[in-house]
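> Before anything else, here's the structure in question.
The values are calculated or read from the model by the stated rules, or taken from the named source; none is laboratory data. For clarity, every value in this text was computed on a predicted model and none was experimentally measured. Cβ placement follows ideal geometry from the backbone for every residue including glycine, while neighbour counts extend to all protein chains displayed. SASA here: full protein model, heavy atoms, side chains in, ligands and nucleic acids out. Shrake-Rupley method; radii C 1.70, N 1.55, O 1.52, S 1.80 Å.
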Amino acid sequence: MESAQVVAEDVDETAARRREQRGWYWYDWANSVYSTTVLTVFLGPYLTSVAKAAADADGFVHPLGIPVRAGSFYAYAVSASLLLSVLAMPLAGALADRTGRKKPLLGCCAYTGAVATTGMFFLGGERYLLGGALLVIANVSFVVSMMLYNSFLPQIARPEERDAVSSRGWAFGYAAGALVLVANLVLYGAHDSFGLSTGTAVRICLASAGLWWGAFSVIPLRRLRDRRAAVTTGPAGAALGHGWQQLRGTLREMRRHPLTLSFLLAYLVYNDGVQTVITQASVYGSEELGLDQTTLIVAVLLVQVLAAAGALLMGRLAGRYGAQRTILGSLVAWVLTIAAGYFLPAKAPGWFFGLAVGIGLVLGGSQALSRSLFSHLVPRGKEAEYFSAYEMSDRGVSWLGPLVFGVAYQLTGSYRDAIVSLVAFFVIGFVLLARVPVGRAIAAAGNPVPDRI
């Protein structure tokens, strides 16, 4: 009888875990549309055009009285949003760990970001400052919500499941991004038939990403469940006041896990390159290569489809060769792809589509496997706290790439000079990651070491 009861409890626990995992996937489905439609395709070229419309005779705008070349404004706005995320994530991570209320915090961030993104419908004329402000609000909300979302992974998946669960989540997100981009392509390509101007069609596409984000966030918020806080000392209000103290405590504790810190450093470097490619590729295509918006949409759609398939494929490769080796292989592919991007001829969509194929095949897998690999390095009960540090490496410290990109254009007026600098991020990241003994790092964190990692 006792044996049967244990089996029944195991079955119930497995069913509950699977249901929560399925709910978790839906947040990738919800917010990835913001990443693709807004950050990757439309906002960069559109906000750049708005800034140029507001520029003086020398091509400069003057936010807060600071002279900024109009073509650099979007890159600087992205960089500013990521710097502010560094301030917000420790507070959210501390509050989540002290109260155990990650789900309400996730909902707050999701709907703040969704509202700000929907508000981009009103971005027009010379309102480049409004566009910059909405971008900052939406991007900070996006980054903090991803930190909270990622911190659920060690709680809803066993160690041997995490590569597959993380890869499915990324695939879910890329599938959603592709689906909405098809709708964007139809609307933008036939905007005259709908009686819409080009600018209005772009603003509708931007706002649709916010509506999608808000609508589908309902599913994970219903299915995910909060766990009892591992840290219970002090009221919730004190957690906000102690956010930075907790981050410093996390970093001090990480000194006891130097191999975890070594992985984070490697990830910080190569992911900076990844995030800069995501946010600046459309600007490079439109401004340097002279490609139209329809070509950019098709290219990013191609990236989305291949990234979904690539995430699943690299998840399988990780099961065979280990996550670390698979990520290292993807970084080699990144170097070759970005180096090739420097030499792309202008007004040649076919070559740009080839670049999109290269990016798509490695994008989803390198991100998904990095997330699942890090989840093995997190001590139990410290998920939100450690994933706060991870997310700072993921997006919160990824301000350097856009900043370098913007400064390079500011100084040279050439996006080719900006894009070629990104190769260094992948080369250095490869060297740092190759030096991390991942098996020892997992054991040092007190977690079971999978058979193949």
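> In deg cm²/dmol, rounded to 500, what helix-only [θ] at 222 nm does the chain give when every DSSP H run of at least 4 residues adds -39500 (n - 2.57) and the total is split over its residues?
Details: 20 runs with 335 residues, N = 453.
Calculated from helices alone, the mean residue ellipticity at 222 nm is -24500 deg cm²/dmol.
> Follow-up question, since we're still on this one. Using only Cα atoms and rounding to the nearest 10 degrees, what angle (0 to 90) does helix 43-54 make with the longest principal axis of the chain?
Relative to the chain, helix 43-54 is tipped by roughly 40 degrees.
> Of the heavy-atom accessible surface of the chain (probe 1.4 angstrom), what whole percent is carbon and sulfur? Numbers along the way, then the final one.
Numbers: 11470 of 17790 Å².
That share works out to 64 percent.
> Around residue 282, under 14 Å between beta carbons, what's the net of Lys plus Arg minus Asp minus Glu among the other residues? Kindly include the intermediate steps, with their values, before the conclusion.
Values: positive: none; negative: 287, 288, 292.
Residues close to residue 282 contribute a combined charge of -3.
> Next question, about the same structure. Per residue, how much accessible area does the chain show when a 1.4 Å probe rolls over the protein heavy atoms, in square angstrom?
Values: 17790 Å² over 453 residues.
Averaged over the residues of the chain, the accessible area is 39 Å².
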